[in-house]
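A quick write-up on the structure given underneath.
The values are calculated or read from the model by the stated rules, or taken from the named source; none is laboratory data. Since we're looking at a predicted model, the values are computed, not measured. Note that each Cβ is placed from the backbone with ideal geometry, even for glycine, and that neighbours are counted across all protein chains shown. SASA here: full protein model, heavy atoms, side chains in, ligands and nucleic acids out. Shrake-Rupley method; radii C 1.70, N 1.55, O 1.52, S 1.80 Å.
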Amino acid sequence: MIDLYRETAIFLQQLVNGITIGATYGLIAIGYTMVYGIIGMINFAHGEIYMIGAFVAVMTYVVMGMLGVQSVPLALLAMLGVGMVVTAAYGWTVERIAYRPLRRSFRLAPLISAIGMSIALQNYVQITQGARVKPLPPVLPGGIHFLEETGFGVKITWLQIFIWTVTVALMIVFTWVVARTALGRQQRACEQDQLMAALVGVNVDRIISLTFVMGAVLAAVAGLIVTLQYGVVDFHIGFLAGVKAFTAAVLGGIGSLPGAMLGGLLIGLIETFWAAYFSGAYKDVATFGILVLVLLFRPTGLLGRPETEKV
Amino acid sequence: MSARLLKHGAPSPVLVTAIREAALTGLLVVVLAVPFLGLKIENAGNGLLLETRWPAAFIAVGLAMGGRVLLVLGREWWHRPAVFDRFPGTVFLSERPLWGLGMAGILLALFLPLLLPNRYAIDTATTLLIYVMLGWGLNIVVGLAGLLDLGYVAFYAVGAYSYALLSLYFDYSFWLCLPLAGLLAALFGILLGFPVLRLRGDYLAIVTLGFGEIIRVVLTNWNTLTHGSQGISGIPRPSFFGLPFGVAVEGGPVTFSAFFGIAHDPLHRVIFLYYLILVLALGTNAFTLRIRRLPIGRAWEALREDETACRALGLDPTTIKLSAFAIGAMFAGLAGSFFAARQGFVSPESFAFLESAIILAIVVLGGMGSQTGVVVAAFVLVVLPEWFRDFVEYRMFLFGAAMVAVMLWRPQGLLSHRAPTLRLSPGPAPPH
C-alpha cells in the first residue's frame, strides 16, 4: 500500500530541489533570451560565461578564507560582487571581439564565431585552472525541516532560501530595468528596429554591449548558485547548462523574460522529477523530448508572441 | 569605445588617444586576467589552495596595452578599406575558376598513396576525407537548404552503430551494412525532421542539438544493446569485395594478397580504406553537384533564400526540407559506417557535440554551398591541428580561437559561392 503521506513528502522535496535548479537555468536563460531578442543570435559562449562565474565564486571563497573573513554574509556578498564584475568583463569582451565585427554579416557567421569562442574559453579555463574538479565546503549549512513524522522529511536549506531570495530579487530588478528605465526602453527599441533606434539617437552598439553585460551578470549569479548548491565546479559544466538554459529560453518563448524564467523552472522540475521517479540517466532525454512536444503544439514557446512575417 | 572617441574627439592628439585607450584596455584585461591567469585554484587533499602566477597576468596586461597602442597608431596611417569591400556577399568567386583546382585536387587524391606511401600520411588523408564527406553531406542541409543542423553527428553515430550492431548481432558484412546504415540514418533524419521542420530555423538548431545529445545519452546508457560507454570493439574490417586482408592461412579464406599473388603488406588495407572513402566522398560530391541542377536542388536553394516566395509558388516547404534533411543524414550514415569499419571500434565518446561543431565549422568556413571550400576548410580544421600534436594542451584552445579568427577575417567563408546579390543599402542584417 502506498503511504500517501510519505509520498507527499518526497514529492515536496523534489519540488524544492527542482525549483532551485530551475532558478539557475532560468537565470542563464535570460541571458540567451535577451541577446537573441536584440540581435537574433544564439550566444553559444553564454554557458562558458556561467562556468567562469562559478570558478570566480570558488576563487573568491578561497581568497576570503585566506584573508580570514569569518562572516558568511560578507563572504557571499563578495562572491556575488566579484563574480558579477569578472563575468561582466568577460561578457563584454566576448561580444566586442567575436560578435560585433560580425554584426552585419550573414546569420551563421556569429554562431560559428560563438562556438569557437565557447571552445576557446572552455580550454582557457582548463589550461589555467587544471582539469580536476574543484570542491567547495558548504558555505551555508542547515535549514528548516518539516513533515519529519512521515519518516522522510522535507528539508529546505538556508541556502535554498537564499537562492530563491536572490533570484526573485534579481527578477524584480531586471523587470524594472527593462520596463521602466531609459536603458530598458532603448533595449526594447533596438529589439524592434535597430536602424530606427539609431536614427533617434540610441547608441545601438552600447545597448547591445550592455545587454551582454546584463546577461553575463545573471549567469554569474547562476554560477554562484550552482557552486553553493552542489559544491563542485569543473571546466565543462558550461556546455550542458548552456544547452539546457537555451532549451528553457525556447520553451518559454524566446525573447520573453518571464518566459525564460518559466522555461528554466519547468526544465528544472522536469529534470528533477524524471530523475526521482524514472531514471537519472535519461533525464536529459526527457528534457529535450518535452521541448520537442511543446514546439510541436506551440511553436512560439509558452509565452512567446506569434511572429508574423512580412513579405 | 574607439569609435566613440573618434566621433566626439575634436582632433585629439593620437598619442593621448593611444594612452587613454591603452589604459582602458589595461583595466579590462586586469579584470579578465587576474582571476584565471594570475590566480590558480589548486586541489590540496580535500580542500583548495590558491596559487599565484602574477608574471603571467602581468605579461597579458602588458601585451594587451601594447597591442592597443600599436592598433591606435596603426589606424592613423593605415586607412581601412571602403565599406563596400568589407561587405560580405559582394565579393564573389564563381565556381568556374575552381574547376581546375578541384580537378587538380582529385588527381592529387587519386595518386596520393603512390606519392606518399607511408601509413601516417594515408591515415591522415583518410581522416581528412571522412570530414570532407561529412562536410559535403552537411553542406546539402546547411549550405543548400539553409537548415541549421547542430546535431549532424547524431546521424554519423547512427551509421557507425548500425554497422557495429548489425555485424555484432547478425554477422552482416560491411558491404551489406553500408547501404543499410545510409538507409537507417535517412530514416532517423525523417523521423526527427518530420515534427520539427515546420519550425523556424533557430528552433531547428536547438532541437537538432538536443537530438544529438539524446542519441549520445542513449548510446551511453543502453548497456545491454550498445555496451554503454565501453563501446563496441572487434568490428570486422571491410574485405576487398569478399577477399579479406591479412596473412593467408592454410585452409583459411583466400586473402587479397594471395588472390593477386603479391606479398602480404599491412599497408594494403590502409590504402584500400583510403580509396573506399575517396570513392564515397566523391560520390557525395557528384550527387550534390548533379542534384543542384535538378528541380529538387533548385527548390532547396530557393527555399533557403525565401520561404514565403516558395510557398506562393506552390512548393511544399516541409517535403523539400525533409528531403534535404534525409539525404544529408544518409551521407552521414554512410560515413559513419565507414568510420566504424576503419576504426574497428565505436564508443559514444566519438560522437560528442564537438564533432557536430567541427563539421558545421567546416561547412561555414568553407563558404556555405561551396564544395571546394569544404575541402579547404576540412584541411585547415582537421589536418593543421594534427601538426600541432606537440601542443596537445593548447590544441583545442587554439582550435577555438582559430575558428573565431577565420570568421572575423572572412565571414563569408574561405571560398564563398552564392548567387550574386548586391545590397546597395546595407541596413542592419535582418534577424534571421
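Solvent-free Debye calculation, one equal scatterer per alpha-carbon of the range B:106-217: log10 I(q)/I(0) at 0.12, 0.14, 0.19 Å⁻¹ equals -0.56, -0.72, -1.05. Comparing B:Gly344, B:Gly74, B:Gly105 in a Gaussian network model of chain B (Cα springs below 10 Å), the most mobile by mean-square fluctuation is B:Gly74.
Given R0 = 35 Å, the distance between the Cβ atoms of B:Trp222 and A:Phe11 translates into a calculated FRET efficiency of 0.75.
Divide the volume of the convex hull of the Cα atoms of chain B by its number of residues and quote the answer in cubic angstrom per residue. Before the final figure, lay out each step's value.
On the way: hull volume 92.7 nm³, N = 432.
Cα-based convex hull of chain B, divided per residue, equals 215 Å³.
Where in the range A:87-108 does accessible area fall by at least 30 Å² between the isolated chain and the complete protein assembly, at a 1.4 Å probe radius? Output list: A:Ala89, A:Tyr90, A:Trp92, A:Thr93, A:Leu102, A:Arg104, A:Ser105, A:Phe106, A:Arg107, A:Leu108.
Taking only protein heavy atoms into account and a 1.4 Å probe, give the accessible area per residue of the range B:93-409 in Å².
Accessible area per residue: 43 Å².
The long axis of helix B:174-196 is offset from the longest Cα principal axis of chain B by roughly 50 degrees. Entry for the range A:2-297 at q = 0.09, 0.10, 0.11, 0.12 Å⁻¹: log10 I(q)/I(0) = -0.45, -0.55, -0.67, -0.79, Debye formula applied to identical alpha-carbon scatterers, no solvent contribution.
Here the spin labels are modelled as points 7 Å beyond Cα on the Cα-Cβ line, and at A:Ala131 and B:Val254 they lie 4.9 nm apart. Between B:Trp409 and B:Asp306, what FRET efficiency follows from the Cβ-Cβ distance if R0 is 30 Å, with the result rounded to 0.05? E between B:Trp409 and B:Asp306, to the nearest 0.05, is 0.55. Each 20 Å bin, from zero up to the one with the longest distance, holds this percent of the alpha carbon pairs of the protein assembly as shown: 15, 47, 31, 6, 0. Once neighbouring chains are kept in place and the probe is 1.4 Å, which whole percent of the accessible area of the range B:182-302 is contributed by carbon and sulfur? Ligands and nucleic acids excluded, carbon and sulfur give 67 percent. The distance between label points at A:Trp176 and A:Tyr277 comes to 3.8 nm (points 7 Å beyond Cα on the Cα→Cβ vector). Taking 0.36 nm per residue of separation and subtracting the current Cα-Cα distance, fully stretching the chain between B:Ala286 and B:Glu76 would add 70.6 nm. Using the Kyte-Doolittle scale, find the helices of chain A whose mean hydropathy is at least -1.0 and whose Cα atoms extend 18 Å or more along the helix's long axis, counting only whole DSSP H runs. Sorted by number, the helices that extend far enough and score high enough are A:4-39, A:46-67, A:72-94, A:108-129, A:158-180, A:204-230, A:237-252, A:257-277, A:283-297. Projecting the Cα atoms of A:Ala179, A:Leu159, A:Val232 onto the dipole axis of the range A:140-238, where Lys and Arg carry +1 and Asp and Glu carry -1 at the beta carbon, places A:Ala179 farthest toward the positive end. Normalising the Debye intensity of the range B:9-75 to I(0), with uniform scatterers on Cα atoms only, and taking log10 at q = 0.12, 0.13, 0.24, 0.29 Å⁻¹ returns -0.42, -0.47, -0.93, -1.12. Take the Cα of B:Phe388, step 7 Å toward its Cβ, do the same at B:Phe111, and the gap between the two points is 3.3 nm.
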